[in-house]
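Trainee: Take this structure first; my questions come after.
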Amino acid sequence: ETLKVAIIGAGLGGLTLAKTLLQPEPGSRPVEVCIYEAWDHWKVRGGALGLAAGARILRRLGLGDQLAEVANQVDGFDVHFHANGIELRSMHLPACTAMRKDLQKILVDSLPSSCIKLGHKLVEITEGTDEVTLEFENGESASAHLVVASDGIHSFARQKIFDGDQPVFTGFRVLYSISSKPFRADPTVANVHWKEVEGAGYGLLDMTAGRGESRHDVMIIIMRSEEHVSDRWDSTLVKERLEEFAAHVAPDHPALGKAVECSEVCFDWGIYKQPTRDSWISPKGRVVLLGDAAHATAPFMGQGANMAMHDAFCLGEILMNEAIAVEDGLKLYETSRKAYCEAVVSKSSMVGGLHTASGFKAALRNNFLCWMMLRTMRKVVATDPTARKPWEKSPRRFSRFFQQWGKKIHSICSQSAKV
(Lines give C-alpha, C1' and ligand atoms only; values in the text may rest on other atoms or scores of the structure.)
Protein backbone atom coordinates (compact mmCIF):
# COMPACT_ATOMS: atom_id res chain seq x y z
CA GLU A 1 0.00 0.00 0.00
CA THR A 2 1.17 3.50 -0.83
CA LEU A 3 2.05 5.45 2.31
CA LYS A 4 0.31 8.83 2.30
CA VAL A 5 2.40 11.45 4.11
CA ALA A 6 1.13 14.94 4.91
CA ILE A 7 3.74 17.54 5.84
CA ILE A 8 2.52 20.59 7.77
CA GLY A 9 4.72 23.59 7.01
CA ALA A 10 6.90 24.39 4.00
CA GLY A 11 10.03 25.45 5.85
CA LEU A 12 13.43 23.94 5.14
CA GLY A 13 12.62 20.84 7.20
CA GLY A 14 9.33 20.10 5.46
CA LEU A 15 10.74 20.77 1.99
CA THR A 16 13.80 18.59 2.64
CA LEU A 17 11.57 15.73 3.79
CA ALA A 18 9.44 15.98 0.64
CA LYS A 19 12.56 16.03 -1.57
CA THR A 20 13.96 12.96 0.20
CA LEU A 21 10.69 11.03 -0.13
CA LEU A 22 10.40 11.87 -3.82
CA GLN A 23 13.82 10.40 -4.65
CA PRO A 24 13.05 6.67 -4.47
CA GLU A 25 15.69 3.99 -4.82
CA PRO A 26 15.13 0.41 -6.06
CA GLY A 27 12.98 -1.44 -3.54
CA SER A 28 11.73 1.70 -1.83
CA ARG A 29 8.30 1.93 -0.23
CA PRO A 30 5.80 3.74 -2.51
CA VAL A 31 5.04 7.13 -0.94
CA GLU A 32 2.57 9.89 -1.78
CA VAL A 33 3.56 13.20 -0.20
CA CYS A 34 1.85 16.58 0.09
CA ILE A 35 3.03 19.75 1.84
CA TYR A 36 0.42 22.07 3.37
CA GLU A 37 1.56 25.66 3.93
CA ALA A 38 -0.53 28.24 5.78
CA TRP A 39 0.61 31.25 3.73
CA ASP A 40 -1.03 31.75 0.34
CA HIS A 41 2.29 32.98 -1.10
CA TRP A 42 5.94 32.23 -0.47
CA LYS A 43 6.87 34.23 2.60
CA VAL A 44 10.23 33.60 4.21
CA ARG A 45 10.86 34.30 7.87
CA GLY A 46 14.45 34.78 8.96
CA GLY A 47 17.68 35.88 7.38
CA ALA A 48 21.15 34.37 7.03
CA LEU A 49 21.91 30.75 7.80
CA GLY A 50 25.08 28.77 8.28
CA LEU A 51 24.83 25.36 6.64
CA ALA A 52 27.02 22.37 7.44
CA ALA A 53 24.89 19.23 7.80
CA GLY A 54 22.25 20.94 5.67
CA ALA A 55 24.76 21.56 2.87
CA ARG A 56 25.81 17.90 2.87
CA ILE A 57 22.18 16.87 2.59
CA LEU A 58 21.48 19.23 -0.32
CA ARG A 59 24.48 17.81 -2.16
CA ARG A 60 23.28 14.25 -1.54
CA LEU A 61 19.86 15.24 -2.92
CA GLY A 62 21.48 16.47 -6.12
CA LEU A 63 21.25 20.18 -5.33
CA GLY A 64 24.93 20.94 -4.80
CA ASP A 65 25.31 23.07 -7.93
CA GLN A 66 22.27 25.18 -7.02
CA LEU A 67 23.67 25.67 -3.50
CA ALA A 68 27.05 26.77 -4.87
CA GLU A 69 25.33 29.49 -6.93
CA VAL A 70 23.81 31.22 -3.89
CA ALA A 71 26.08 30.31 -0.95
CA ASN A 72 29.14 32.13 0.36
CA GLN A 73 32.29 30.09 0.99
CA VAL A 74 31.02 26.61 0.06
CA ASP A 75 34.37 25.13 1.15
CA GLY A 76 34.18 26.68 4.62
CA PHE A 77 35.15 29.93 6.30
CA ASP A 78 37.19 31.23 9.22
CA VAL A 79 35.71 32.73 12.39
CA HIS A 80 37.84 35.10 14.50
CA PHE A 81 37.06 35.66 18.19
CA HIS A 82 37.97 38.95 19.90
CA ALA A 83 37.61 40.31 23.44
CA ASN A 84 38.22 43.95 24.29
CA GLY A 85 39.75 44.53 20.86
CA ILE A 86 42.26 41.65 21.12
CA GLU A 87 41.96 38.52 18.95
CA LEU A 88 41.88 35.43 21.14
CA ARG A 89 41.44 32.54 18.76
CA SER A 90 40.20 31.60 15.32
CA MET A 91 38.84 28.44 13.76
CA HIS A 92 37.87 27.11 10.35
CA LEU A 93 34.30 25.87 9.97
CA PRO A 94 33.51 23.42 7.15
CA ALA A 95 30.25 25.21 6.41
CA CYS A 96 28.80 27.83 4.08
CA THR A 97 26.38 30.72 4.56
CA ALA A 98 23.30 31.59 2.53
CA MET A 99 20.01 33.44 2.81
CA ARG A 100 17.04 31.37 3.92
CA LYS A 101 14.90 32.55 1.00
CA ASP A 102 17.49 31.26 -1.51
CA LEU A 103 17.67 27.87 0.19
CA GLN A 104 13.89 27.63 0.21
CA LYS A 105 13.75 28.47 -3.48
CA ILE A 106 16.29 25.76 -4.33
CA LEU A 107 14.12 23.12 -2.68
CA VAL A 108 10.79 24.45 -3.99
CA ASP A 109 12.07 24.57 -7.57
CA SER A 110 13.22 20.95 -7.30
CA LEU A 111 9.77 19.67 -6.29
CA PRO A 112 6.70 19.09 -8.47
CA SER A 113 4.27 21.95 -7.89
CA SER A 114 1.44 19.45 -7.43
CA CYS A 115 2.84 18.31 -4.05
CA ILE A 116 2.74 21.80 -2.46
CA LYS A 117 -0.53 23.42 -1.40
CA LEU A 118 -0.29 27.07 -0.36
CA GLY A 119 -3.06 28.84 1.54
CA HIS A 120 -3.82 25.76 3.65
CA LYS A 121 -3.79 26.92 7.26
CA LEU A 122 -4.47 23.98 9.56
CA VAL A 123 -7.37 24.59 11.96
CA GLU A 124 -8.20 21.05 13.05
CA ILE A 125 -6.40 17.74 13.22
CA THR A 126 -7.95 14.45 14.31
CA GLU A 127 -5.83 11.36 14.82
CA GLY A 128 -7.43 7.99 14.23
CA THR A 129 -6.07 4.48 14.46
CA ASP A 130 -5.34 4.17 10.74
CA GLU A 131 -5.19 7.73 9.47
CA VAL A 132 -5.23 11.42 10.38
CA THR A 133 -7.86 13.88 9.19
CA LEU A 134 -6.85 17.47 8.49
CA GLU A 135 -9.17 20.47 8.17
CA PHE A 136 -8.04 23.82 6.79
CA GLU A 137 -9.20 27.40 7.16
CA ASN A 138 -10.14 27.55 3.45
CA GLY A 139 -12.77 24.84 3.98
CA GLU A 140 -10.81 21.99 2.44
CA SER A 141 -9.92 18.75 4.19
CA ALA A 142 -7.46 15.92 3.65
CA SER A 143 -6.33 12.66 5.20
CA ALA A 144 -3.03 10.83 5.48
CA HIS A 145 -1.54 7.73 7.05
CA LEU A 146 1.18 9.85 8.64
CA VAL A 147 1.35 13.56 9.45
CA VAL A 148 4.71 15.23 9.96
CA ALA A 149 4.40 18.44 11.98
CA SER A 150 7.17 20.73 10.73
CA ASP A 151 5.23 23.93 11.37
CA GLY A 152 7.73 25.61 13.64
CA ILE A 153 8.12 26.58 17.27
CA HIS A 154 4.42 27.52 17.57
CA SER A 155 3.28 24.27 15.93
CA PHE A 156 -0.51 24.00 15.80
CA ALA A 157 -0.30 20.25 15.27
CA ARG A 158 1.88 19.79 18.35
CA GLN A 159 -0.46 21.80 20.56
CA LYS A 160 -3.52 19.86 19.36
CA ILE A 161 -2.17 16.31 19.41
CA PHE A 162 0.43 16.54 22.17
CA ASP A 163 0.02 18.38 25.46
CA GLY A 164 -0.27 22.13 25.00
CA ASP A 165 3.18 23.18 26.18
CA GLN A 166 4.52 26.59 25.23
CA PRO A 167 8.02 27.72 24.15
CA VAL A 168 10.26 28.81 27.02
CA PHE A 169 12.10 32.15 27.04
CA THR A 170 15.85 31.56 27.35
CA GLY A 171 16.70 35.00 28.76
CA PHE A 172 18.53 36.05 25.60
CA ARG A 173 17.70 38.78 23.10
CA VAL A 174 19.16 39.43 19.66
CA LEU A 175 19.31 42.60 17.57
CA TYR A 176 19.74 41.60 13.94
CA SER A 177 20.41 43.87 10.97
CA ILE A 178 20.56 42.83 7.31
CA SER A 179 21.90 44.80 4.35
CA SER A 180 22.10 43.97 0.66
CA LYS A 181 24.60 46.83 0.39
CA PRO A 182 28.03 45.44 1.32
CA PHE A 183 29.62 47.06 4.36
CA ARG A 184 32.11 44.35 5.35
CA ALA A 185 35.64 44.50 3.96
CA ASP A 186 36.21 40.72 3.82
CA PRO A 187 33.18 38.51 3.09
CA THR A 188 35.27 35.33 3.45
CA VAL A 189 35.54 35.53 7.24
CA ALA A 190 33.22 36.06 10.20
CA ASN A 191 34.09 37.95 13.38
CA VAL A 192 32.88 37.64 16.96
CA HIS A 193 33.60 40.52 19.35
CA TRP A 194 32.88 40.24 23.07
CA LYS A 195 32.16 43.49 24.89
CA GLU A 196 31.36 44.43 28.48
CA VAL A 197 29.58 47.68 29.28
CA GLU A 198 28.41 48.71 32.75
CA GLY A 199 28.62 45.14 34.02
CA ALA A 200 26.67 43.61 31.14
CA GLY A 201 28.18 41.32 28.51
CA TYR A 202 27.46 41.47 24.78
CA GLY A 203 28.41 39.32 21.81
CA LEU A 204 28.65 40.96 18.37
CA LEU A 205 28.83 38.83 15.22
CA ASP A 206 29.36 40.19 11.73
CA MET A 207 29.26 37.88 8.71
CA THR A 208 28.33 37.68 5.03
CA ALA A 209 25.68 35.31 3.70
CA GLY A 210 25.13 34.49 0.05
CA ARG A 211 27.06 35.61 -2.98
CA GLY A 212 26.57 37.80 -6.04
CA GLU A 213 23.09 39.27 -6.16
CA SER A 214 22.17 37.15 -3.15
CA ARG A 215 24.90 38.62 -0.93
CA HIS A 216 23.77 40.16 2.35
CA ASP A 217 25.97 41.48 5.14
CA VAL A 218 24.68 40.77 8.62
CA MET A 219 25.30 42.19 12.09
CA ILE A 220 24.02 40.36 15.16
CA ILE A 221 24.13 41.65 18.75
CA ILE A 222 23.52 39.11 21.54
CA MET A 223 22.51 40.22 25.02
CA ARG A 224 20.64 39.10 28.09
CA SER A 225 17.12 40.34 28.75
CA GLU A 226 14.67 40.04 31.62
CA GLU A 227 11.94 41.31 29.30
CA HIS A 228 10.18 38.55 27.34
CA VAL A 229 10.71 39.94 23.85
CA SER A 230 8.63 38.53 20.98
CA ASP A 231 10.21 35.79 18.87
CA ARG A 232 8.20 36.77 15.80
CA TRP A 233 10.30 37.74 12.80
CA ASP A 234 8.01 40.70 12.14
CA SER A 235 9.17 42.23 15.44
CA THR A 236 11.28 44.97 13.84
CA LEU A 237 13.40 47.60 15.52
CA VAL A 238 13.50 51.27 14.61
CA LYS A 239 16.85 51.99 12.96
CA GLU A 240 17.50 55.00 15.22
CA ARG A 241 17.13 52.75 18.26
CA LEU A 242 19.79 50.41 16.89
CA GLU A 243 22.03 53.39 16.26
CA GLU A 244 21.68 54.55 19.87
CA PHE A 245 22.40 51.08 21.14
CA ALA A 246 25.50 50.73 18.93
CA ALA A 247 26.89 54.05 20.19
CA HIS A 248 26.40 52.92 23.80
CA VAL A 249 27.76 49.36 23.55
CA ALA A 250 30.49 49.40 20.90
CA PRO A 251 31.26 52.80 19.39
CA ASP A 252 34.70 51.52 18.32
CA HIS A 253 33.48 48.35 16.58
CA PRO A 254 35.00 48.14 13.06
CA ALA A 255 31.75 47.16 11.32
CA LEU A 256 28.83 48.04 13.60
CA GLY A 257 28.57 51.69 12.58
CA LYS A 258 28.54 50.78 8.89
CA ALA A 259 25.96 48.06 9.58
CA VAL A 260 23.61 50.60 11.16
CA GLU A 261 24.11 53.00 8.27
CA CYS A 262 23.48 50.39 5.55
CA SER A 263 20.83 48.24 7.25
CA GLU A 264 17.54 47.82 5.41
CA VAL A 265 15.73 45.94 8.17
CA CYS A 266 16.49 45.50 11.88
CA PHE A 267 14.93 42.79 14.01
CA ASP A 268 14.49 42.74 17.77
CA TRP A 269 14.23 39.04 18.47
CA GLY A 270 13.57 37.17 21.73
CA ILE A 271 15.19 33.72 21.94
CA TYR A 272 12.96 30.81 22.94
CA LYS A 273 13.40 27.06 23.04
CA GLN A 274 11.06 24.09 23.05
CA PRO A 275 10.57 22.24 26.35
CA THR A 276 11.99 18.72 26.35
CA ARG A 277 9.21 16.19 25.84
CA ASP A 278 9.09 12.43 26.46
CA SER A 279 8.37 11.58 22.82
CA TRP A 280 8.05 13.17 19.39
CA ILE A 281 5.55 10.48 18.39
CA SER A 282 1.83 10.86 19.08
CA PRO A 283 -0.06 8.32 21.23
CA LYS A 284 -1.56 6.58 18.19
CA GLY A 285 1.63 6.76 16.18
CA ARG A 286 0.18 8.77 13.28
CA VAL A 287 1.72 12.20 13.98
CA VAL A 288 5.43 12.92 14.44
CA LEU A 289 7.32 16.14 15.18
CA LEU A 290 10.20 17.54 13.13
CA GLY A 291 12.50 20.56 13.37
CA ASP A 292 11.48 23.49 15.57
CA ALA A 293 8.16 21.81 16.35
CA ALA A 294 10.22 19.20 18.24
CA HIS A 295 13.35 21.00 19.43
CA ALA A 296 13.42 24.75 18.77
CA THR A 297 16.77 26.03 19.96
CA ALA A 298 18.75 29.17 20.62
CA PRO A 299 20.72 30.06 17.47
CA PHE A 300 24.14 30.47 19.04
CA MET A 301 25.57 27.33 17.43
CA GLY A 302 23.85 27.93 14.10
CA GLN A 303 22.11 24.54 14.20
CA GLY A 304 18.36 25.24 13.96
CA ALA A 305 18.01 24.78 10.19
CA ASN A 306 20.72 22.10 10.09
CA MET A 307 18.92 19.97 12.68
CA ALA A 308 15.57 20.38 10.91
CA MET A 309 17.07 19.27 7.60
CA HIS A 310 18.89 16.41 9.32
CA ASP A 311 15.60 15.32 10.95
CA ALA A 312 13.94 15.38 7.53
CA PHE A 313 16.65 13.44 5.74
CA CYS A 314 16.77 10.82 8.50
CA LEU A 315 12.99 10.39 8.62
CA GLY A 316 12.70 10.34 4.83
CA GLU A 317 15.30 7.58 4.44
CA ILE A 318 13.58 5.50 7.12
CA LEU A 319 10.10 5.87 5.61
CA MET A 320 11.43 4.91 2.18
CA ASN A 321 12.81 1.64 3.55
CA GLU A 322 10.04 -0.89 2.94
CA ALA A 323 11.77 -3.41 5.20
CA ILE A 324 11.02 -1.19 8.22
CA ALA A 325 7.41 -0.95 9.43
CA VAL A 326 6.23 2.64 9.83
CA GLU A 327 5.71 2.24 13.58
CA ASP A 328 9.23 0.85 14.03
CA GLY A 329 10.58 3.50 11.68
CA LEU A 330 9.23 6.34 13.78
CA LYS A 331 10.85 4.85 16.87
CA LEU A 332 14.13 4.54 14.99
CA TYR A 333 13.85 8.18 13.88
CA GLU A 334 13.28 9.30 17.46
CA THR A 335 16.15 7.17 18.78
CA SER A 336 18.47 8.52 16.07
CA ARG A 337 17.65 12.18 16.55
CA LYS A 338 16.04 13.06 19.88
CA ALA A 339 18.97 12.75 22.30
CA TYR A 340 21.36 14.42 19.86
CA CYS A 341 19.05 17.39 19.23
CA GLU A 342 18.33 17.89 22.92
CA ALA A 343 22.07 17.95 23.61
CA VAL A 344 22.58 20.64 20.94
CA VAL A 345 19.72 22.71 22.39
CA SER A 346 21.39 22.59 25.81
CA LYS A 347 24.82 23.45 24.40
CA SER A 348 23.40 26.36 22.39
CA SER A 349 22.10 28.03 25.55
CA MET A 350 25.48 27.47 27.20
CA VAL A 351 27.22 29.16 24.27
CA GLY A 352 24.78 32.08 24.60
CA GLY A 353 25.88 32.37 28.21
CA LEU A 354 29.51 32.57 27.15
CA HIS A 355 28.72 35.26 24.54
CA THR A 356 27.11 37.43 27.23
CA ALA A 357 29.45 36.70 30.13
CA SER A 358 30.82 39.57 32.22
CA GLY A 359 33.29 40.09 35.05
CA PHE A 360 35.00 36.94 36.34
CA LYS A 361 32.99 34.71 33.97
CA ALA A 362 34.17 36.75 30.98
CA ALA A 363 37.80 36.42 32.11
CA LEU A 364 37.29 32.67 32.53
CA ARG A 365 35.81 32.47 29.03
CA ASN A 366 38.60 34.48 27.43
CA ASN A 367 41.43 32.56 29.06
CA PHE A 368 40.13 29.01 29.48
CA LEU A 369 36.66 28.25 28.12
CA CYS A 370 36.97 29.72 24.64
CA TRP A 371 38.85 26.73 23.24
CA MET A 372 36.26 24.34 24.74
CA MET A 373 33.46 26.26 23.04
CA LEU A 374 35.29 26.11 19.71
CA ARG A 375 35.91 22.38 20.15
CA THR A 376 32.21 21.79 20.75
CA MET A 377 31.25 23.84 17.70
CA ARG A 378 33.72 21.99 15.48
CA LYS A 379 32.32 18.66 16.61
CA VAL A 380 28.72 19.64 15.92
CA VAL A 381 29.50 21.23 12.54
CA ALA A 382 31.37 18.08 11.47
CA THR A 383 28.17 16.00 11.74
CA ASP A 384 27.50 14.25 8.42
CA PRO A 385 23.92 12.93 8.01
CA THR A 386 24.88 11.24 4.75
CA ALA A 387 27.73 9.13 6.17
CA ARG A 388 25.51 6.17 7.05
CA LYS A 389 21.89 5.05 7.01
CA PRO A 390 19.87 5.54 10.21
CA TRP A 391 19.46 1.77 10.65
CA GLU A 392 23.19 1.09 10.33
CA LYS A 393 25.13 0.71 13.55
CA SER A 394 27.15 3.69 14.67
CA PRO A 395 30.91 3.13 14.85
CA ARG A 396 30.79 4.96 18.18
CA ARG A 397 29.61 1.89 20.07
CA PHE A 398 30.18 3.18 23.59
CA SER A 399 28.29 6.41 22.87
CA ARG A 400 25.34 4.40 21.56
CA PHE A 401 25.53 2.07 24.58
CA PHE A 402 25.31 4.88 27.14
CA GLN A 403 22.60 6.63 25.11
CA GLN A 404 20.42 3.49 25.19
CA TRP A 405 21.01 2.97 28.89
CA GLY A 406 20.14 6.60 29.54
CA LYS A 407 16.82 6.08 27.78
CA LYS A 408 16.09 2.96 29.86
CA ILE A 409 16.90 4.73 33.13
CA HIS A 410 14.70 7.68 32.10
CA SER A 411 11.84 5.28 31.33
CA ILE A 412 12.20 3.48 34.68
CA CYS A 413 12.30 6.77 36.61
CA SER A 414 9.23 8.05 34.74
CA GLN A 415 7.27 4.88 35.60
CA SER A 416 8.36 5.10 39.26
CA ALA A 417 7.24 8.72 39.44
CA LYS A 418 3.79 7.78 38.12
CA VAL A 419 3.48 5.03 40.77
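The values are calculated or read from the model by the stated rules, or taken from the named source; none is laboratory data. Computed from a predicted structure; not experimentally measured. Because the Cβ atoms are built from the backbone with ideal geometry, glycine has one as well, and the counts that use them run over all protein chains shown. Protein only, heavy atoms only, side chains kept; ligands, DNA and RNA dropped before computing areas. Shrake-Rupley method; radii C 1.70, N 1.55, O 1.52, S 1.80 Å.
Trainee: Let me test this: with uniform point scatterers at the alpha carbons of region 59-137, what is the Debye-based log₁₀ I(q)/I(0) at q = 0.15, 0.17, 0.21 1/Å?
Mentor: Relative scattering, expressed as log10 I(q)/I(0), comes to -0.78, -0.84, -1.00.
Trainee: Using label points projected 7 Å from each Cα along Cα→Cβ, tell me how many nm separate ASP78 and SER114, to one decimal.
Mentor: Simple spin-label model gives 5.2 nm for this pair.
Trainee: Please state the relative contact order of the chain as a whole percent: Cα pairs under 8 Å, 6+ residues apart? Mind showing how you got there, number by number?
Mentor: On the way: 838 pairs, mean separation 85.3, N = 419.
Relative contact order, the chain: 20 percent.
Trainee: To the nearest 10 degrees, how steep is helix 100-110 against the longest Cα principal axis of the chain, on a 0 to 90 scale?
Mentor: 30
Trainee: A follow-up question, please. Calculate the spin-label point distance for GLU32 paired with SER346, positioning each point 7 Å from the Cα along the beta-carbon direction, and give it in nanometres.
Mentor: 4.3
Trainee: Please figure out what share of the DSSP beta bridges in region 1-105 is antiparallel and state it in percent, rounded to the nearest 5.
Mentor: 65
Trainee: Here's another thing I want to ask about it. On the accessible surface of the chain, probed at 1.4 Å, how many percent belong to carbon and sulfur atoms? Write down the numbers at each step before the final one.
Mentor: Working: 9990 of 19450 Å².
C and S atoms contribute 51 percent here.
Trainee: For region 278-349, what is the relative contact order in percent, using Cα pairs closer than 8 Å and at least 6 residues apart in sequence?
Mentor: 38
Trainee: Here is a further query. Rounded to the nearest 10 degrees, what's the angle between the helix 397-418 long axis and the longest principal axis of the chain, both from Cα atoms, 0 to 90?
Mentor: Around 70 degrees separate the two axes.
Trainee: Then there is this: Ordering PHE183, PHE245, PHE368 by accessible area with a probe of 1.4 Å, largest first, what comes out?
Mentor: In descending accessible area the options line up as PHE368, PHE245, PHE183.
Trainee: Which of LYS43/LYS273; LYS19/LYS43; LYS160/LYS338; LYS4/LYS101 have a Cα-Cα distance over 25 Å?
Mentor: The pairs that break the limit, which is 25 Å between Cα atoms, are LYS4/LYS101.
Trainee: In percent, how large is the relative contact order of region 56-107, given Cα pairs closer than 8 Å and 6 or more residues apart?
Mentor: It comes to 35 percent, rounded to a whole number.
Trainee: Next question. Just grab the label-to-label distance for GLU240 and ASP328, each label 7 Å out from Cα along the Cβ direction, in nm (one decimal).
Mentor: Roughly 6.6 nm, to one decimal.
Trainee: Multiplying the sequence separation of GLU69 and GLN159 by 0.36 nm and subtracting their Cα-Cα distance, what value in nm do you get?
Mentor: Full extension of this stretch gives 28.6 nm more.
Trainee: Amide H of ALA83: which non-local residues (sequence gap of 5 or more, or other chain) have their own amide H closer than 5 Å, using H built in the peptide plane?
Mentor: Excluding prolines and chain starts, which carry no amide H, the hits are LEU88, TRP194.
Trainee: By how many degrees, 0 to 90 and rounded to 10, does the Cα axis of helix 370-381 deviate from the longest principal axis of the chain?
Mentor: With both axes taken from Cα atoms, the answer is about 30 degrees.
Trainee: Which parts of region 276-315 would a label at GLU1 reach, counting a residue when its backbone N lies under 18 Å from a point 7 Å out along Cα-to-Cβ?
Mentor: 284-288, by backbone N distance to the label point.
Trainee: Something else: Over all distinct Cα pairs, what is the inverse of the mean 1/r for the chain, reported as the Kirkwood hydrodynamic radius in Å?
Mentor: Values: mean 1/r = 0.0447 Å⁻¹.
For the chain, the Kirkwood estimate is 22.4 Å.
Trainee: I've got another one for you. In whole Å, how far is the Cα centre of region 92-111 from that of region 224-285?
Mentor: Cα centres, region 92-111 to region 224-285: 21 Å.
Trainee: Check each of the GluC sites (Glu not before Pro) in region 1-79 and keep only those in coil by DSSP with at most 14 other C-beta atoms within 10 angstrom; list them in order. Can you show the working numbers first?
Mentor: On the way: sites: GLU1, GLU32, GLU37, GLU69; in loops: GLU1, GLU37.
Passing both the DSSP loop test and the Cβ count: GLU1.
Trainee: Then there is this: Given a Förster distance of 41 angstrom, what is the FRET efficiency for GLU124 paired with ALA247, based on the Cβ-Cβ distance and rounded to 0.05?
Mentor: 0.20
Trainee: Determine the per residue accessible area of the chain with all protein chains present and a 1.4 angstrom probe, expressed in square angstrom.
Mentor: On a per-residue basis, 46 Å².
Trainee: Now for a different question. Select from region 40-103 those chymotrypsin sites (Phe, Trp or Tyr not before Pro) which occupy a DSSP coil region and have at most 13 other Cβ atoms within 10 Å, ordered by residue number.
Mentor: Passing both the DSSP loop test and the Cβ count: TRP42.
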